[in-house]
Amino acid sequence: MNKIIKYVLYDIVRNKIIVAYTLFLLLLSIGVFNLGGSPDKGLLSLLNLVLLTVPLISIVFGTTHFYNSYEFMELLVSQPIRRSKIFMSEYLGVALSLSAAFMIGVGIPVLLFAPGATGLYLVLTGVFITFIFVALAFLASVITRDKAKGIGIALLLWFYFALIYDGIVLFILYSFGDYPLEYATLALTALNPVDLGRVMVLLNLDVSAMMGYTGALYKSIFGSLWGIGLAFAVMVLWVLVPVLVSRRVFKRRDM
Amino acid sequence: MKNLSKKIVVWTACTLVLLLTSLQAVGGTLKVCTNCTYTSVKQAVSQAKAGDVVLVDGGVYLESGIEITQPIRLIGQNNPVIDSNNSGQIITVLSDNVTIQGFTLQNVATSYTRDDAAIRVRQQNNIQILDNTILKTYYGIYLQYSDGIVVKGNVVKGENVGRTESSLGNAIHVYYTDDVQIIGNEVQGHRDGIYLETVKNSTVERNLSHQNSRYGLHFMFSDGNAYTHNIFRKNGAGVAVMYTTNVRMEHNVFEDNWGAASYGLLLKEINNSVIYNNTFRRNTTGIHMESSSRLDFRNNDFERNGWAIKLMTTCIQDTFRLNNFTGNSFDISTNGNAQHNYFEHNYWEKYSGYDLDKNGVGDVPYRPVSLYSMLIERVPPSVMLMRSFMVDLLDNMERVLPSIIPQNLVDERPLMKKVNHDNNREFVQVLRQTASAPWRER
């Protein structure tokens, strides 16, 4: 398995997109921290950018990579190697390289300009989101063999999590505004990793006082170690479910 | 020659006698110390006649229930401490023209029926309370039904950690008293820092009110007062002022009132007042205003607040000019569509318009209310989506084609650059000339 991961990583590094991605994140983070006055403000702007760009790039890169290395996988399948091993190596190769790029591109500037718990949460959230969206990309890729279709599904997924989902939530909250929705919103947050990550970082910034009753409730939940643990557990679930589902599909399908 | 020297001696003696008698007429001095004639303050005060000075030397006096019934000056030297030892009120002033200066008064227990204070003035005129330190008391300085009082340079420090609001008194409590000057005091750790109820023609100046459980400054029915150069910091709920007209609030700083129910300044039914040159920094809500009309906000700085101003629709004919709004999460939020307030020549950091004719005034109007802030006002749980891409998108769309946000809440002439309140006189002059007539005159 390690050998396959090594080949995947080598392949990824060679095509230089990952280097460009790293540089892009690095420039973005340094720019944001130099523009904004306080580190908190920088983190806040960075959070928005991270939650928008990281899922998009992860999902698009994951999908294209999967389709591009289709022949390589076919070759491996013909060898006496288990399919799940091939799939997991591909997944880990992509996810690890993208997270490494994120750690360098965002992690180092955060460490330099805004070290602390909030920065740590931001970086952790980013890494989780990378893993989650690569998993979703692989899910989209194993569903269909048509490359265009696969990328289309992947983009739709990104669109859903970044935009449509929030729209739906807004609609639900607005329509049922007369009911106590605090716990419902909590559940709704857990159903979207992007929202979950954002709320987690926001609550660690000063803005939580602005969030009124809902914010106080969130703070009492996410503020405790238990709550943070739970949030990350949900994140892990968000990684595992698509990975396991797509691995299952990959194992059974006719190459 | 001998005659002359004799004359001089007689003269000197005469002058001395005269001087002594004149001193006697103004008042004698009663000294209080451990080995003086008087060893307790109470004793000396009860013996003192009108015009006397009671001079208390350094040391700790375990006393309470001192009643001043003559116009005397009670002066502390070398920082004497009067410790009530939780046995009740320390000084009660029951005479006009009294001065209390230079004491440390401490340990007055909570008394729900008597409202014990370190110094209480009841129905008297012309009282001066100067340079005292008041520690761990229920109420600090309590003035009621009096007139012409000066409270200056005092430090009132309570202990409010882990105590409920109801078991705390106010640091400076003024009730039905006119012509009060509260200057240069530092108050902290009480329920309200400075509390005024039905107080007229008074000045609250250069005070520092911080870390009080409820309000830094709290007044009601107190018309015609001026509040200038005060600092209100980290109070439980900020500053709340109500039911008053003709107030002048200038050069105050409201900062770090950060919490779920904190305001920099809460205005409720304040009318015909001016709020100039204040700074609102890092408050959850800079100004929350309801039912407040004909207020003039000018040259204020709103920096890094959650909401700079929450303007309820019950407020009408308020004018906002030459204010700076920087780094606030929401500049203005409101709870309805009706708007009868006037915004002009403010600097909004979020403004993204242009200025073709380079006159320093943006050519595109700015709408400071965002769609999302209205949404939060209506559906509080939607804070969950704070700073999400969706919300930004909606806000920008709404800004281009406003349909939900109030049409009339708009700054037609937003400034391109931050107003420098001290050095921009020329610029302001130019603006005045080019400006349209203010709201009232239209």
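Annotations
- Any hit, region B:46-62, residues being under 30 Å from the mean Cα position of the chain (by Cα) and closer than 23 Å to residue B:155 by Cβ: no
- Scanning region B:230-255 for residues that are within 24 Å of residue B:328 (Cβ to Cβ) and surrounded by fewer than 19 Cβ atoms within 10 Å (Cβ to Cβ) yields a total of 6.
- Residue B:115 vs. criteria touching a residue at least 40 places away in the same chain (Cβ under 8 Å) and outside any strand (DSSP E or B): yes
- Look at (1) at pLDDT 85 or above; (2) out of contact with any Lys or Arg (no Cβ under 9 Å at 6 or more places or on another chain); (3) more than 26 Å from residue A:201 (Cβ to Cβ); (4) within 14 Å of chain A (Cβ to nearest Cβ) and you find that residue B:412 fails only one, number (4).
- Checked against (1) over 30 Å from residue A:70 (Cα atoms); (2) under 14 Å from the mean Cα position of the chain (by Cα), residue A:235 passes all but a single condition, namely (1).
- Per-region count, region A:124-146, residues more than 17 Å from residue A:253 (Cβ to Cβ) and surrounded by fewer than 24 Cβ atoms within 10 Å (Cβ to Cβ): 3
- Set A:62, A:42: member being farther than 20 Å from residue B:326 by Cβ and touching a residue at least 40 places away in the same chain (Cβ under 8 Å): A:62
- Within region B:363-370, one or more residues are within 14 Å of another protein chain (Cβ to nearest Cβ), closer than 25 Å to residue A:42 by Cα and more than 31 Å from the chain's Cα centre (by Cα).
- Condition check for residue B:331: touching a Pro at 6+ places or on another chain (Cβ under 7 Å) and either aromatic (Phe, Trp, Tyr) or at negative phi (or both): yes
Listed here are the residues, each with its yes/no results for (1) under 26 Å from residue A:255 (Cα atoms); (2) of a type in the set (Ser, Thr, Tyr).
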{"position": "A:5", "(1), (2)": "yes, no"}
{"position": "A:71", "(1), (2)": "yes, no"}
{"position": "A:78", "(1), (2)": "yes, yes"}
{"position": "A:81", "(1), (2)": "yes, no"}
{"position": "A:103", "(1), (2)": "no, no"}
{"position": "A:106", "(1), (2)": "no, no"}
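- Restricted to helices (runs of 4 or more DSSP H) entirely inside region A:1-92, those with at least 3 residues that are within 14 Å of chain B (Cβ to nearest Cβ) and surrounded by fewer than 18 Cβ atoms within 10 Å (Cβ to Cβ) are A:39-68.
- So residue B:188, is it crowded, with 18+ Cβ neighbours inside 10 Å, in contact with a Lys or Arg (Cβ under 6 Å, 6 or more places away or on another chain) and closer than 21 Å to residue B:130 by Cβ: yes
- Within region B:124-161, being in a loop (DSSP other than H, G, I, E, B), within 19 Å of the chain's Cα centre (by Cα) and farther than 18 Å from residue B:101 by Cα holds for one residue alone: B:158.
- Qualifying positions in region B:30-53 - surrounded by 13 or more Cβ atoms within 10 Å (Cβ to Cβ), modelled with pLDDT of 90 or more and farther than 22 Å from residue B:85 by Cα: B:30, B:31, B:47, B:48, B:51, B:52, B:53
- Search result, residues across region B:386-403 that are assigned to a loop (DSSP other than H, G, I, E, B) and surrounded by 14 or more Cβ atoms within 10 Å (Cβ to Cβ): B:386, B:387, B:388, B:402
- Index of the failed condition, residue B:27 passing every other in (1) in contact with a strand residue (DSSP E or B) (Cβ under 8 Å, 6 or more places away or on another chain); (2) under 30 Å from residue B:165 (Cβ atoms): (2)
- Pick from region B:310-329, criterion in a strand (DSSP E or B) and more than 18 Å from residue B:415 (Cα to Cα), ranking: farthest from the other protein chains (Cβ to nearest Cβ): B:317
- Among (1) under 20 Å from the mean Cα position of the chain (by Cα); (2) among the basic types (Lys, Arg); (3) under 26 Å from residue B:420 (Cβ atoms) - the single one residue B:350 does not satisfy: (1)
- Entry remark, region B:162-177: residues being closer than 16 Å to residue B:193 by Cβ and assigned to a loop (DSSP other than H, G, I, E, B) number 5 in total.
- Count of residues meeting criterion [surrounded by 18 or more Cβ atoms within 10 Å (Cβ to Cβ) and out of contact with any Lys or Arg (no Cβ under 8 Å at 6 or more places or on another chain)] in region B:344-365: 2
The values are calculated or read from the model by the stated rules, or taken from the named source; none is laboratory data. All figures in this text were calculated on a predicted structure; none of them were measured in a lab. Heads up, the Cβs are rebuilt from the backbone with ideal geometry, glycines too, and the neighbour counts pull from every protein chain shown.
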